[in-house]
Structures are given as C-alpha cells and as structure tokens.
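Read the structure below first, then the notes.
Just so you know, all these numbers are worked out from the coordinates, no wet-lab data involved. Just so you know, these numbers come straight off a predicted model, no measurement behind them. Reconstructed Cβ throughout: ideal geometry from the backbone, glycine too, with neighbour counts over all protein chains shown.
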Amino acid sequence: MEEKIIIKNLNKEFYDPQRGTVKAVDNLSFTAYKGEIFGLLGPNGAGKTTTLRMMATLMKPNSGTIEIAGFDIENNSQDVRRSIGYMSSNTALYPRLSPREIITYFAELNDYSKENLTMRVEQIIKYFNIGDYADTYSEKLSTGMKQITSIARTIVHNPPVLILDEPSAGLDVIVAQKIHSYILDLKNEGKTIIFSSHNMGEVEKICDRIGIINNGKLLTVGTIDELRDISGKYYMEEIFVYFVKEFEKES
C-alpha cells in the first residue's frame, strides 16, 4: 500500500508558567495509506489537535518528522500545504461571503488552475448539493450548511490528503450521515483522510484503522477488529476507555 502520511518520533513541547514544560506530543509515530480513513482519537488535552496542526504546517515540532504525499513539512512546507485540505474543529466561515465566494477564494488560495477554476467550483457546488444556498451570506446558513461548506472549501483544490477535525460536531443525525457519505466517497477516490472525533459511533462506522493517543503518546493502532481482540471489548466507546485506563494504570 502507498504511504501518504509518515510520522516518525514526533515531539512538541510547550512552556506553561504554572506547570513548566508540558510535552503535548511525545515520540509519536504512525503511518496512513492512500485510500484510508485513519481515526486519531484521544481525550481532551491528549495531543490530537497539536498533532493535526503540525501536520497542517501551522506549528513546528521540536523534533521528529512528518512526510505528507512525499513532502517533508520542514523542507517542503508549501508543497505540503498544496497537498492537504485541513478542516479544524473551530474553522469559521466569512459571514459576509457566500459559499460560492468562499469556495472560489480557497481554490485561488491553493493555486488552483485559473482556466479550470469556475468549472471546479461549480462541480463542488453540485457534488455537495449546495446550489440552493450557494449565493447566500454564510452568516444566514444553518450549522449543517456551514459545515458542508467548510468541507467543500477543504477539498476544492483536490488535495490527496484531508485532515478533518470533528467534521460532524454539533450536527443532527441526517446532516452527519450526509457528511459521512461524502467522506466515504472521498476515500473511494483514493484520498487519505485523517479523521478526529469524540463520537465513537462514527469512528467505528467509517474508519479503516484507529490510533488512540493520551498525554501525547500513541497507546495503540489497528482496525476495529484488531482493537476488539486486544481489549476484549466490542464497542468503540468501551475500547477507547479500556486503552486510556490501561495507560493511566501504567503511568
């Protein structure tokens, strides 16, 4: 299988006046493959978001390496940015721009071909079925419409790697299912997707492999069936709690 994301011995430290040096990411290593949805899970403060931000070149690691689509984040950061679509958990839309304007802007921002830009934007609008509100100010959109627009702008430049942090948070089940369907379509197109969520049901439903981290350390990685075998638990929620508690016992 083709490796699209290779993370080796990744470390990130912060200084906190009260706690001193805090190791947010601690010697983290994992690989994700073309056409794979890799779930990255952990409790709050586990180091997930810090890891995702380093992958998106928004933070620099203290040590270790990240390679995405054949490019190293330290030496080829521009190429990495062109190769990823990053949707953070607190991504906001410009309130006085419409979805069409936002999607167009992000295509231009990522150097999408000018001669094909209009056609690509229309293709994305049609694919995500947002034509009815494509020219409405985003401040007037529902939460679900905003979230779908956020995903649309994330993939408009057709990157091989997507980093999605809580893409269905706060959505009703119908819109969440629609987003899951889009994500599975993108996987089937061969995209590599890093998927972070606190919703264990959706992780169990759509992820091919799952990595669980706590205190910046990778506790385990495997398919849902492999994690069931190791933990002796069946549901993803129980599996998650098992690994986090086992880690806390050993710490």
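Summary of computed values
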| item | result |
| --- | --- |
| Cross-chain or 6+ apart pairs with Cβ under 6 Å, segment 21-49 first and free of Cβ contacts under 8 Å to residues at least 40 places away in the same chain, then aliphatic (A, V, I, L, M) | THR31/ILE6 |
| Hits in segment 155-202 - residues which are closer than 29 Å to ASP72 by Cβ, over 11 Å from the mean Cα position of the chain (by Cα) and not in a helix (DSSP H, G or I) | VAL156, HIS157, ASN158, PRO159, PRO160, GLU189, GLY190, LYS191 |
| Checking SER83 against (1) in contact (Cβ under 8 Å) with a residue 24 or more places away in the chain; (2) in contact with a strand residue (DSSP E or B) (Cβ under 9 Å, 6 or more places away or on another chain); (3) surrounded by fewer than 18 Cβ atoms within 10 Å (Cβ to Cβ); (4) not hydrophobic (A, V, I, L, M, F, W, C), the condition it does not meet | (3) |
| Single unsatisfied condition, LYS60 versus (1) free of Cβ contacts under 8 Å to residues at least 60 places away in the same chain; (2) outside any loop (DSSP other than H, G, I, E, B); (3) basic (Lys, Arg) | (2) |
| Identity of the residue in segment 195-251, aromatic (Phe, Trp, Tyr), free of Cβ contacts under 8 Å to residues at least 60 places away in the same chain and touching a Leu at 6+ places or on another chain (Cβ under 8 Å), that ends up surrounded by the most Cβ atoms within 10 Å (Cβ to Cβ) | PHE243 |
